1. Report, ordered by the first and then the second residue, all pairs with beta carbons closer than 9 Å, sequence separation of six or more or different chains, a first member in the range 128-147 that is in the same structural domain as LYS103 (by TED's automatic domain parsing), and a second member that is part of a loop (DSSP other than H, G, I, E, B) and of a type in the set (D, E, K, R).
2. Hey, does the range 141-159 have a residue that's more than 30 Å from ASN96 (Cβ to Cβ) and at pLDDT 75 or above?
3. Going by the conditions given, is MET581 of a type outside the set (D, E, K, R), in the same structural domain as ARG395 (by TED's automatic domain parsing), modelled with pLDDT of 75 or more and surrounded by 11 or more Cβ atoms within 10 Å (Cβ to Cβ)?
4. Which of the following residues is over 30 Å from MET391 (Cβ atoms), surrounded by 15 or more Cβ atoms within 10 Å (Cβ to Cβ), modelled with pLDDT of 70 or more and not basic (Lys, Arg): MET547, MET505, MET566?
5. LEU117: modelled with pLDDT of 75 or more and more than 30 Å from ASP101 (Cα to Cα), yes or no?
6. Give the number of residues within the range 87-107 that are closer than 21 Å to LEU75 by Cα, under 23 Å from the mean Cα position of the chain (by Cα) and of a type in the set (S, T, N, Q).
7. Look through LEU94, LEU104, LEU168 and report the one residue that is outside any loop (DSSP other than H, G, I, E, B) and at pLDDT 80 or above.
8. Residue check, ALA64 against (1) outside any strand (DSSP E or B); (2) surrounded by 14 or more Cβ atoms within 10 Å (Cβ to Cβ); (3) of a type in the set (A, V, I, L, M, F, W, C), all met but one. Which one?
Amino acid sequence: MKHSEAMICHIFHGLYRHHDIKNHIAILMLTGAETHDGCSIFVKEDLFQIEAEIELEFHQPGHAILDRHNVALALSLTYKPTKDTVVVATTHILFNPRRGDVKLAQMQLLLSTLHALNIPHVILCGDFNVTPKSALYAFLSKGRLDGTTVYTGDASGQFAHRTQTIELLHAARKKDKAKATENASLAVAEFQAKLQELQDRHEKELEKQLDFAQTLVADKVWMATYKHICAEMESVQGELVQRYDNVAAELKKAVDRLQQQDEGFQRQLKDAKERWSVQEKVRRDQWTDEIKKSTIKALEPDVQAIMTKCKENLDKAKEAAAWMAAYEKEKEELLRRQREEYERKLVEAREKERCKLMYRLDAADAELQQQLNQQRRRLQDESEKLRSDMMADMRVLKQQHARDLDEMRAVERQRIDHEMAALQKDKDDVARRFEADAAAYRDKVQSEMEGKHLAAVAAVRSEMDKDKAAWEVEMIKRRDDKIDMVIDKLQQETEKKVAAAEAKMAAQYDADMRVRYSSFRRWGDGKRWQEVDKKRRAAAEVEAAWMDKNRELYDKCAKLDEARDMAVAAQNAQASALRAMEDKLARCMEKSHVAYVAEMRGNQDDVLEKLHARVRATVAKKDDMIETLRAELHLAQVRIAKCEDIIQDQRAQLIS
């Protein structure tokens, strides 16, 4: 290999054997697959210095798109005369026309790798397997690509290029067919012209032959006398033969009669026959010579002229036969060439038709694959959209449910807070009224006891003051205990403790009253005892009213607890109803989704059935076209056979 270029980018296929190129450095990179192919760059070592080698393998394990064993090779070179840096890269992009996404990903990886080098001067070569009007070529030239309007099968433009190639081949086939038809018509016209010329020539020759025949008829008249003489000679010879037969019969009879003299007679007979035959021969020769001499002397000039003319006609006939043989040879050569040309064109037409049918089948397969991909993408998009709509509806329902729960919680919390505030207010009012009543009662009892008992007895007063102070302390303590029990517990123990306190107070009060009654009786003041008993009864009634209020408060608390439990139960029931409604809605949506997916699958099956029907129709159409071509071929062969029969008939007529 002799090259003078500074750089050579090469892509090789199959088993590559490195050829040494003078003054060049070769950098090769093989694909990761089992095939022996890859990329190579040859650099002239006296002009460039290799700074870095970048080997890019497009196959990335586990990647959904970058799963093909294609490679790219890049060299960072320094131009020795100017010390400038340039990047030279070559690649072999995937060939598959259906995988435009893989081609785009490989191009993007290669361009990002070259951009990462941050070198302004880049020379990019290689086999990109795209057409000049494709979307991927526009991506390389303009730097952008709208993926929403481009399908993966149409990104490289190879199918459209194949379709244009098939159309061009079809147009070329039509043009060749028209040209072959025109050539055949011209050849037929030329053959008809030559055939007409030959017929004219042969008609002229036939006229000459007829003239010659007329001259021969005239000559035959002169030969009639010769034939008459010959007939007379034949009649004489017949008579002689008859006589010989008679003699032979007689001899046979004589042989029968004379058996003893057979040998001698036979020898005599043989001698006689020989003598007679010799004499007859001599006589016949004499007669023939005389006839010839007389005839030749009379017809010798005319015979010589006729023979000369016949020789000339024979020479002309030989020349015409030679010319006819040459013409037949030329015609056979022309027919052989036309037949070979027709067979070659027929083979080419068959091959072109087969290629065309294969291209159509590939195009139909590609179109089917593209439609299947479109249908699959559309189903995926619709399923994703339906899933996203379902998730959005579920999120909206969950948010609405959460808002409803929050609103219900807030309303219930406000209602409970309002009721608790009302209960607290009622409790405070009851406590204030109880304190006011107790204070008033205490003040009243104290004033009455002080006013009535100061004058009665001082000793009893001091004792009563002590009991009164102890009773007040105990009452305040019991009051505080009861209020704490109402605020803190509000349960059933309050009633029991109040009952126990009432019983204890009643027992103690009865004991005190008995002591006081006994003391009053000792002192003899019955009227004052009645007043104290009356006040005791009034205090007991107040205490009973207070206990009734406590019971009412306790009942209200129980009712509030029951209402709260009922509200919680209603809320739980509403939540369970919402959950059941949500489950029912989810089941309905799932059921509708399953029905929609089944419908889409049925539609996909219908589409696939239609595509299969189209493929079967295409195959049937192809078979019909093949049968039509076979019928045309059979008709052409029949026409050729008829032409050959016509030529053979014309040849036989010409020869005859």
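1. Here the result reads SER134/ASP154; ALA135/ASP146; ALA135/ASP154; ALA138/ARG144, each pair linking the range 128-147 to a residue that is part of a loop (DSSP other than H, G, I, E, B) and of a type in the set (D, E, K, R).
2. First pass over the range 141-159, keeping only residues more than 30 Å from ASN96 (Cβ to Cβ): none.
The answer is no, given that none of the residues of the range 141-159 is more than 30 Å from ASN96 (Cβ to Cβ) and at pLDDT 75 or above.
3. Details: of a type outside the set (D, E, K, R): yes; in the same structural domain as ARG395 (by TED's automatic domain parsing): yes; modelled with pLDDT of 75 or more: yes; surrounded by 11 or more Cβ atoms within 10 Å (Cβ to Cβ): yes.
In short, yes.
4. MET547
5. Working: modelled with pLDDT of 75 or more: yes; more than 30 Å from ASP101 (Cα to Cα): no.
For LEU117, the condition - modelled with pLDDT of 75 or more and more than 30 Å from ASP101 (Cα to Cα) - is not met.
6. Number of matching residues: 1.
7. Values: LEU94 fails: outside any loop (DSSP other than H, G, I, E, B); LEU168 fails: at pLDDT 80 or above.
Only one candidate passes the filter, namely LEU104.
8. (2)
The values are calculated or read from the model by the stated rules, or taken from the named source; none is laboratory data. Keep in mind the model is a prediction, meaning the values are calculated, not measured. Virtual Cβ from ideal backbone geometry, glycine too; neighbours counted across all protein chains shown.
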